[in-house]
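Chemist: Got a structure here, written out as structure tokens. Questions coming.
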Amino acid sequence: MQKLLFLFSFAVFLLACQGPAQKSAEADSDGSTAELAKSVKEEFIRSWNDYKTYAWGHDVLLPLSKGYHDWYEESLHISPIDAYSTIKIMGLDEEAQKVEDYIINEVNWDKDLFVKTFEVNIRILGGLLAMYQYTKDPVILERTEDFGRRMLKAFNSPTGIPYYYFNLKTGEVKGERVNVAEAGTYLLEMGVLSHYTKNPVYYQAAKKANLAIWERVSDLNLVGEIINVETGEWLNTSSHICAGIDSYYEYLLKSYLLFGDEDLKAIWDQSVEAVNKYLVEESDTSFWYKRVDMHTGQKITDLIDPNSTHQTGHIVTLYDAFFPAVLVLDNDLVRAEKNQATWNWLWNRYGLEPMIYDFAQGVPTYPAYDLNPEIIESAYYLYHRTGNAKYLNMVKKYWSDLLKYSKHEVAFASVEDVQTMKKKDYMPTFFFAETMKYLYLTFIEETKAFNLDDYIFNTEAHPFFKADFKKEEVRENLGLK
Ligand code: DMJ
């Protein structure tokens with residue numbers, strides 16, 4: 001029955017997508033893009049004010065309890081740092097100035113805390129670098145480099161792959177077991193930091209980590225999921241593009257595009273060829289990327305837990321919806337459009353997307369939705385590249401569902417279960433950094449106020465300006481041969 005519903009809904013979706021390929025404010029009847037951009041901006045301001053009222057200075061706003069949460073014993077100020085580049089893009093310069101002042105006057109990284117290397121890199125280092133680009137304030141760069149210098153200690157492992165945690169104050173490290181996203185998502189931030197500080201040490205450390213992963217790919221050119229940073233041994237040989245590997249692939253291509261490092265281009269080309277050869281599971285109505293063993297290329301048939309019937313090979317996560325955007329950057333519109341259509345089908349099946357989904361059985365295995373951006377990001381890239389109004393309409397639908405199910409008296413809330421839409425008491429920082437940014441950028445696309453082609457976004461949607469990266473200077477600053 002579920003399969004029939006899937007086929008029927010997908011056919012309806014495909015029919016709905018036959019419209020003319022043109023950018024048009026009248027693509028749908030539910031409001032002009034100018035009105036939609038205004039509504040996203042108003043909701044961003046409302047949520048930002050709620051953050052300031054109930055959680056200012058802390059990492060995360062808890063919208064239901066009107067409280068806050070810090071990731072560790074002390075705040076790392078993640079929400080303001082993550083929100084900053086969206087605040088700039090929306091032209092809220094007074095608010096931006098307040099965040100800049102806050103970073104300059106009140107933030108000190110000398111904290112005796114073990115922090116997650118991957119998470120602080122994409123959010124804090126990425127967010128601060130974007131702040132430096134907008135301000136070119138040397139004090140901001142000094143704060144940013146102070147953070148980067150502390151993070152560099154994490155890379156001091158026998159393989160060069162960073163430890164899971166590092167201590168901001170002492171430089172101690174811990175956590176030998178990391179997934180490949182945590183092992184290889186540093187090239188962009190550390191490359192940008194090297195460029196602005198004219199010190200290749202950061203980029204070289206990030207690149208060493210990526211080369212350590214590449215040296216260990218299987219004969220099929222596939223990576224596994226978990227690796228030991230001290231021995232370089234694979235601890236889990238599941239290969240996929242889902243959460244746990246996702247941004248490793250994203251950074252190979254984006255770093256080549258921003259820095260022109262040909263070594264990364266060669267790795268990306270061989271990697272994406274293997275991904276498309278072994279991971280795609282395509283039918284007349286769907287285009288998924290499944291999970292296979294990195295050595296055999298065979299779909300993984302293990303059960304996700306002994307009491308379930310869900311096989312690991314068919315499990316996808318909503319994070320995987322980042323991939324169409326990367327395929328757009330790689331000029332692979334055919335796969336990008338098919339994969340996006342499949343994710344869009346899943347969104348519309350529930351109204352929001354489930355975090356983890358078994359595409360063989362057609363059921364969520366973890367039904368939460370945490371205000372994640374990826375499907376919106378990919379629709380935005382496709383709208384920008386193709387101009388096809390169907391992608392604008394997708395984003396209109398995502399925004400209307402977010403307003404319907406996640407908007408709260410205080411800001412927006414994640415959802416426990418997309419089948420009941422029961423809210424949960426958490427608004428992740430990437431809602432400011434990514435989700436609201438991609439919605440806004442889609443709705444201002446036709447004004448040409450922001451041209452995606454001029455930027456490379458990190459995986460947390462912090463924009464890096466291509467114009468700042470002149471080829472010869474980059475080669476020198478990053479230590480490229
Ligand atoms: C973000 O923190 C980053 O995009 C990360 O790479 C994975 N996805 C989350 C948001 O869903």
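Chemist: For region 407-418, enumerate the residues that are of a type in the set (A, V, I, L, M), in contact with a strand residue (DSSP E or B) (Cβ under 6 Å, 6 or more places away or on another chain) and either more than 12 Å from D370 (Cβ to Cβ) or in a strand (DSSP E or B) (or both).
Modeler: Selection gives A411, V415.
Chemist: Right, here's the next one. Only one residue in G126, G171, G184 is small (G, A, S) and away from the ligand (no atom under 16 Å from the Cβ), so which one is that?
Modeler: One residue alone meets the criteria, G171.
Chemist: Further question on the same structure: Determine whether A368 is of a type in the set (G, A, S), open to solvent by less than 10 Å² (accessible area, probe 1.4 Å), within 13 Å of the ligand (Cβ to nearest atom) and within 25 Å of T135 (Cβ to Cβ).
Modeler: no
Chemist: Just to confirm my filter: which strands (runs of 3 or more DSSP E) fall fully inside region 419-481 and include at least 3 residues that are within 26 Å of D246 (Cα to Cα)?
Modeler: In region 419-481, the matching strands (runs of 3 or more DSSP E) lie at 455-457, 463-465.
Chemist: A further question on this structure: So, Y164, is that one buried (at least 17 other Cβ atoms within 10 Å of the Cβ), of a type in the set (S, T, Y) and within 16 Å of the ligand (Cβ to nearest atom) or not?
Modeler: So Y164 fits the description; yes.
Chemist: Restricting the search to region 205-231, which residues are within 15 Å of S157 (Cβ to Cβ) and open to solvent by less than 10 Å² (accessible area, probe 1.4 Å)?
Modeler: A206, A209, N210, A212, I213, I227, V229
Chemist: Quick one: is V410 open to solvent by less than 30 Å² (accessible area, probe 1.4 Å), closer than 27 Å to G31 by Cα, modelled with pLDDT of 95 or more and within 15 Å of the ligand (Cβ to nearest atom)?
Modeler: Answer is no for this residue.
Chemist: Does any residue of region 195-204 turn out to be among the hydrophobic types (A, V, I, L, M, F, W, C) and surrounded by 24 or more Cβ atoms within 10 Å (Cβ to Cβ)?
Modeler: Looking for residues that are among the hydrophobic types (A, V, I, L, M, F, W, C) and surrounded by 24 or more Cβ atoms within 10 Å (Cβ to Cβ), one finds none in region 195-204, hence no.
The values are calculated or read from the model by the stated rules, or taken from the named source; none is laboratory data. Everything numeric in this text was worked out from a predicted model, so none of it was measured. Cβ atoms come from the backbone with ideal geometry, glycine included; neighbour counts cover every protein chain shown. Note: areas computed on protein heavy atoms with side chains; ligands, DNA, RNA excluded. Shrake-Rupley method; radii C 1.70, N 1.55, O 1.52, S 1.80 Å.
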